[in-house]
Amino acid sequence: MALDKNQIAKRIAQELQDGYYVNLGIGIPTLVANYVPEEIKVILQSENGMLGMGQFPTKETVDADLINAGKQTITYLPGASFFDSATSFAMIRGGHVDITILGAFEVSEQGDIASWKVPGRLIKGMGGAMDLVASAEHIVVAMQHSNKEGQSKLLKKCTLPLTGVKCVKRIVTDLAVLDVTDKGFKLLERAPGVTVEQIKAATEGTLIVEGDIPEIVL
Amino acid sequence: MNKTVKNATEAIQGMKNGMTMMFGGFGLCGIPENIILELSKTDIKDLTIISNNCGVDDFGLGLMLQRKQIRKMISSYVGENAEFERQMLSGELEVELVPQGTLAERIRAGGAGIPAFYVPAGYGTEVGIGKESREFNGKMHLLEHAFKADFAVVKAWKGDTAGNLIFKYTANNFNNMMAMAGKITIAEVEELVPAGELDPNFIHTPGIFVQRIFQGVDYIKRIEQLTLSK
């Protein structure tokens, strides 16, 4: 069975370590916050200028001056701090954020990522995505293995306009966990019940399979 | 020194056609509502606006779009605005998209007297087309130039008559840097107090960067994505 969005988020949460400063993108990455293991503590950074992001507010605690990068109302946790956008991106560009988790339209076997623009569709802008992918030490992409038309999103070369080059380190999809290596996508884990052949068929880029591939444990 | 002006009408004196202006805010959070509303009642046009976003159809900078006062928009993200899309597709509105961190730093650099600097964001993408690039520590970077503005318009939570500003939560965002980068910086605040009343240990923007300040009225603070916990 392929993983659903929540299961992808749950698997990515296993990448987190105690004390990590974490930046979560919009979509599946946002769900990762729900699955942080109880025994560890991470601090969520929102690039519009906060560290220590909490849950969504209640009707009573909502404040228009307190939002996340997706412009949703939010709360803050004890130890939180607020700052301007230049300071926020100094944290990102300066390598102070330990892990960035974001979505993508396509990833290439060199680690290039396309995530912001589809020609012919409305262009909304890249927001902070280019800054994040260009500087984060550890970038994990959360996405479906194939698009809605059934075409692979793990490619030899991206076809859409790029967000960044040679930056993605790890990818978690509904079918598999893979690392980007010098020689291509290295298969690390497969979704329960999904075969290596199925993953191979769904991967357009070079897929490296070494030894037995364990199933993802959630 | 008293930098206080009476209201938004007095604050925008000197704004002219063709000027470059910065507007603080992220989405609709921390935008200078009073000045935007006031400016949208004037015939000042052909403006180049530097702002992370461009409001929504009927609020924020969207009001100035409706009146076709903006010639060029420099932003990182411009979704959620149908009139913006229409003007961009018809060619009435020129748009320059800049990665958010680069945008913030270009504004900061403008205020800090740094003409240009190198960043890795955008290298190898269409953002890098036509820009100088250079390798540092084994990684490629793009040369990015500073932004300055004829007017920078910012919104703060509290301010004093000396121009010192304090922001609330994430309503700081671009406001602090933009205050530095305006030839004339206008600050509208929710609460204006005499100099000496704000604790100088907790000032975000020192008064040297602010030329005009007033207490705004009727803040709506519209929420773009009201999200509540279940």
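The values are calculated or read from the model by the stated rules, or taken from the named source; none is laboratory data. Computed from a predicted model, the values in this text were never measured in an experiment. Cβ coordinates were reconstructed from backbone atoms using ideal geometry, including for glycine residues, and neighbour counts include every protein chain displayed. We work out accessible area using only protein heavy atoms, side chains counted, and drop any ligands, DNA or RNA first. Shrake-Rupley method; radii C 1.70, N 1.55, O 1.52, S 1.80 Å.
Computed values, structure above
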{"quantity": "Residue match in the range B:110-121 (condition: assigned to a helix (DSSP H, G or I), open to solvent by less than 40 Å² (accessible area, probe 1.4 Å), within 9 Å of chain A (Cβ to nearest Cβ) and touching a helix residue (DSSP H, G or I) at 6+ places or on another chain (Cβ under 6 Å))", "calculated": "no"}
{"quantity": "Scan of the range B:169-214 for residues that are touching a residue at least 40 places away in the same chain (Cβ under 8 Å), of a type in the set (S, T, N, Q) and more than 14 Å from chain A (Cβ to nearest Cβ), ordered by number", "calculated": "B:Gln211"}
{"quantity": "Filtered residues of the range A:49-101 (kept if among the small types (Gly, Ala, Ser), more than 24 Å from A:Ile171 (Cα to Cα) and more than 10 Å from chain B (Cβ to nearest Cβ))", "calculated": "A:Gly52, A:Gly79, A:Ser81"}
{"quantity": "Selection from the range A:81-103 of residues that are open to solvent by less than 10 Å² (accessible area, probe 1.4 Å) and out of contact with any helix residue (DSSP H, G or I) (no Cβ under 7 Å at 6 or more places or on another chain)", "calculated": "A:Ser88, A:Ile99"}
{"quantity": "Count of residues meeting criterion [open to solvent by less than 10 Å² (accessible area, probe 1.4 Å) and either more than 14 Å from chain A (Cβ to nearest Cβ) or closer than 20 Å to B:Ala116 by Cα (or both)] in the range B:148-168", "calculated": "7"}
{"quantity": "Subset of the range B:181-214 (residues that are acidic (Asp, Glu) and surrounded by 14 or more Cβ atoms within 10 Å (Cβ to Cβ))", "calculated": "B:Glu188, B:Glu190, B:Glu191"}
{"quantity": "Options A:Pro78, A:Pro119: the member that is under 30 Å from B:Arg86 (Cα atoms) and surrounded by fewer than 22 Cβ atoms within 10 Å (Cβ to Cβ)", "calculated": "A:Pro119"}
{"quantity": "Subset of the range A:102-111 (residues that are assigned to a loop (DSSP other than H, G, I, E, B) and either within 7 Å of chain B (Cβ to nearest Cβ) or aliphatic (A, V, I, L, M) (or both))", "calculated": "A:Ala104"}
{"quantity": "Boolean, A:Asn23 is open to solvent by less than 10 Å² (accessible area, probe 1.4 Å), under 18 Å from the mean Cα position of the chain (by Cα) and without any contact (Cβ under 8 Å) to a residue 60 or more places away in the chain", "calculated": "no"}
{"quantity": "The listed residue being of a type outside the set (Asp, Glu) and modelled with pLDDT under 95, out of A:His138, A:His145", "calculated": "A:His138"}
{"quantity": "The range B:74-85, subset outside any helix (DSSP H, G or I) and at the interface with chain A (Cβ under 10 Å from one of its Cβ atoms), residue nearest to A:Ser88 (Cα to Cα)", "calculated": "B:Ser76"}
{"quantity": "Residue within the range B:86-98 that is touching a Ser or Thr at 6+ places or on another chain (Cβ under 9 Å), within 24 Å of A:Ile123 (Cα to Cα), without any contact (Cβ under 8 Å) to a residue 60 or more places away in the chain and part of a helix (DSSP H, G or I) present", "calculated": "no"}
{"quantity": "Pairs, first of a type in the set (Asp, Glu) in the range B:49-71, second open to solvent by 20 Å² or more (accessible area, probe 1.4 Å) and assigned to a helix (DSSP H, G or I), C-beta under 8 Å, six or more apart", "calculated": "B:Asp57/B:Gln66; B:Asp57/B:Ala82; B:Asp57/B:Glu83; B:Asp58/B:Gln66"}
{"quantity": "Conditions (1) buried (at least 17 other Cβ atoms within 10 Å of the Cβ); (2) modelled with pLDDT under 95; number of the one not met by B:Ser229", "calculated": "(1)"}
